[in-house]
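The values are calculated or read from the model by the stated rules, or taken from the named source; none is laboratory data. Every value quoted in this text rests on a predicted model; they were computed, and no experiment measured them. Here the Cβ positions follow ideal geometry from the backbone for every residue, glycine too, while neighbour counts run over all protein chains shown. These area figures cover heavy atoms from the full protein model, side chains too; ligands, DNA and RNA do not enter into them. Shrake-Rupley method; radii C 1.70, N 1.55, O 1.52, S 1.80 Å.
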Amino acid sequence: MIFIDGTWLYTNTPRLSELANRKDYHIDFGKLPKVLGDKVAERIGADVDVVRTYLFGSYANNFDRRDADAVQRRLDFFNMLREEHHYEVETFPINFFGRRLRRIDREPGDNFEPREKCVDIALATNMLVQSYQQGFDIAIGLLGDLDFKPVLQEVRRAGRRVQLVSIRTSCAPEIADTADPQRIKDFDTIWLEDMVGPLELTYERHERSCESPNHEGDRMVWTTFRPRKGQRFYCDVCRAEFQQQKMEAIQEYVTEDGNYMPQEDLPTQTGEVKKKVADRGYGFIQAEDGYDYFFHLTDLEPGLDFLDVNEGMKVSFSVKRSPSPLKAGAAQLVRRLQTMSPGNMRDD
Ligand SMILES: [Zn+2]
């Protein structure tokens with residue numbers, strides 16, 4: 001079984017393209033479990049069947065909306081692993097209290113430290129429970145942090161073997177130490193940078209039809225982009241246009257002195273999507289207060305695609321403009337109302 005520190009993986013895989021000295025280098029996460037399994041098999045001289053890959057990570061929540069794209073990229077990454085490659089992904093929110101993600105973008109003197117909650121403990125608990133339930137023989141851990149030392153030692157005491165996988169420039173020295181005085185592993189660490197060849201994601205150029213309702217002209221375009229399962233493909237032009245609209249919408253929240261209006265105090269409402277005007281990119285929500293609220297596709301929370309919004313869908317949202325008996329209100333931060341689904345997105 002493979003256990004992945006998802007935050008470590010997400011922040012450090014870009015280094016592989018630096019180390020491979022290739023900007024366009026990407027890991028094929030579909031191949032990763034098998035490539036690692038084969039490598040371990042070679043070491044122990046027996047077949048290794050990677051049964052499951054667990055990943056534990058975090059994502060920003062309640063952040064300054066100017067960082068929406070960065071947050072979305074990370075959520076997309078986790079969703080891709082879950083949906084395309086059947087990793088068992090568990091993610092936990094980090095509350096940014098309306099702030100920018102990067103310290104450099106925040107007010108000078110703001111000493112806020114984002115804290116990951118639950119992630120390491122969730123990984124450790126899972127690894128321990130599985131090792132005592134005899135769920136695996138070898139735990140392959142993709143991580144860089146020595147916080148995991150106690151659990152690695154304990155897994156070994158439970159009679160399981162530990163194989164660590166990391167990146168030389170992104171790990172605690174003990175992970176690289178072949179003498180292993182801490183007794184945290186059974187094999188020398190596997191270095192991802194030594195495996196860039198077998199792990200490479202290769203693309204082929206192919207023709208594909210743009211599915212944006214705003215597309216102009218011939219829909220067939222050449223691309224190397226492969227949309228994920230169940231996702232629509234937009235050509236570069238339509239993508240850039242969406243991006244532009246989104247940036248314009250975000251400007252509304254920036255005050256004259258360039259500060260961002262905090263939104264955590266805005267009243268929240270729930271309701272149902274009453275009407276969706278797909279080709280114009282907007283719709284209306286009938287809220288539980290009895291009023292209608294307008295929303296544009298740029299008013300959706302990261303993680304909710306306008307194309308996945310359907311009439312009748314239950315949503316919650318923040319009020320951007322209050323309604324009156326004559327005029328609909330306006331919604332922002334529209335998100336799917338969490339129902340009793342077996343999904344793994346957790347809120348605490
Ligand atoms: Zn298009």
Would you mind telling me the antiparallel percentage of the DSSP bridges in segment 112-227, rounded to 5? 35 percent
Please list the non-local residues whose amide H lies under 5 Å from the amide H of Cys235, H modeled 1.01 Å from N, same-chain partners needing a gap of 5 or more. Glu211, Ser212
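Nearest-5 percent of antiparallel DSSP beta bridges in segment 263-336? Don't skip to the end; give the middle numbers.
On the way: 21 of 24 bridges.
Bridges in segment 263-336 are about 90 percent antiparallel.
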Tail beyond 15 Å, pair distance distribution of segment 15-110 (Cα, percent): 72 percent
For Gly141, which sequence-distant residues (separation of 5 or more, or a different chain) have an amide H within less than 5 Å of its own amide H, given hydrogens modelled in the peptide plane? Phe3, Gln163, Leu164, Val165
Net charge, Glu288 excluded, C-beta distance under 14 Å - Lys, Arg +1, Asp, Glu -1: -1
Segment 186-203 - phi-based ³J(HN,Hα) in whole Hz, Karplus 6.51/-1.76/1.60, Gly and Pro as x: 9, 9, 4, 5, 8, 9, 4, 5, 7, 10, 4, x, x, 8, 5, 8, 10, 10
Cα gyration tensor shape for segment 97-198, rounded if a/c is under 1.5, else prolate or oblate: prolate
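Taking every pair of Cα atoms in segment 295-340, average 1/r, invert it to obtain the Kirkwood radius, and report Rg/Rh to two decimals. Mind dumping the intermediate values first?
Values: Rg = 11.2 Å, Rh = 11.3 Å.
We get a ratio of 0.99 for segment 295-340.
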Charge tally for neighbours of Trp8 with beta carbon under 12 Å away, counting Lys, Arg as +1 and Asp, Glu as -1, is -4
If the reach is capped at under 19 angstrom between alpha carbons, list the aspartates and glutamates near Lys229, excluding any in the same chain fewer than eight residues apart. Asp28, Asp76, Glu83, Glu84, Glu88, Glu204, Glu207, Glu211, Asp305, Asp308
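For the peptides 298-305, 212-219, what is the packing order when you average, over each peptide's residues, the other Cβ atoms within 10 Å and list the highest mean first? Could the numbers behind the result be given before it?
Details: 298-305: 18.9, 212-219: 13.1.
My ranking of the peptides, most packed first, is 298-305, 212-219.
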Percent antiparallel among DSSP beta bridges confined to the chain, rounded to 5, stands at 50 percent
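If the only charges are +1 at each Lys and Arg Cβ and -1 at each Asp and Glu Cβ, what is the size of the charge dipole of the chain around the Cα centre, to the nearest 20 debye? Could you put the intermediate results ahead of the total?
Numbers: 48 positive and 59 negative charges, 72 e Å.
In total the dipole reaches around 340 debye.
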Computed Kirkwood radius, in angstrom, where 1/r is averaged over Cα pairs of the chain: 22.7 Å
Filter the cross-link list Lys34/Lys149; Lys34/Lys117; Lys275/Lys314 down to pairs whose alpha-carbon distance in this structure exceeds 19 Å. Lys34/Lys149; Lys34/Lys117
Run the helix sum for the chain: -39,500 (n - 2.57) per DSSP H stretch of 4+ residues, divided by residue count, reported at 222 nm to the nearest 500 deg cm²/dmol. -8000 deg cm²/dmol
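Can you send over the carbon and sulfur percentage of the accessible area for segment 1-150, probe radius 1.4 Å, protein chains only?
Numbers: 3500 of 7390 Å².
Ligands and nucleic acids excluded, carbon and sulfur reach 47 percent.
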Can you run phi through the Karplus equation (6.51, -1.76, 1.60; θ = phi - 60°) for segment 276-287 and list ³J(HN,Hα) in whole Hz, with x for Gly and Pro? 10, 9, 4, 6, 9, x, 8, x, 10, 10, 8, 8
Taking a probe of 1.4 Å and leaving out DNA, RNA and ligands, the chain shows per residue an accessible area in Å² of 54 Å²
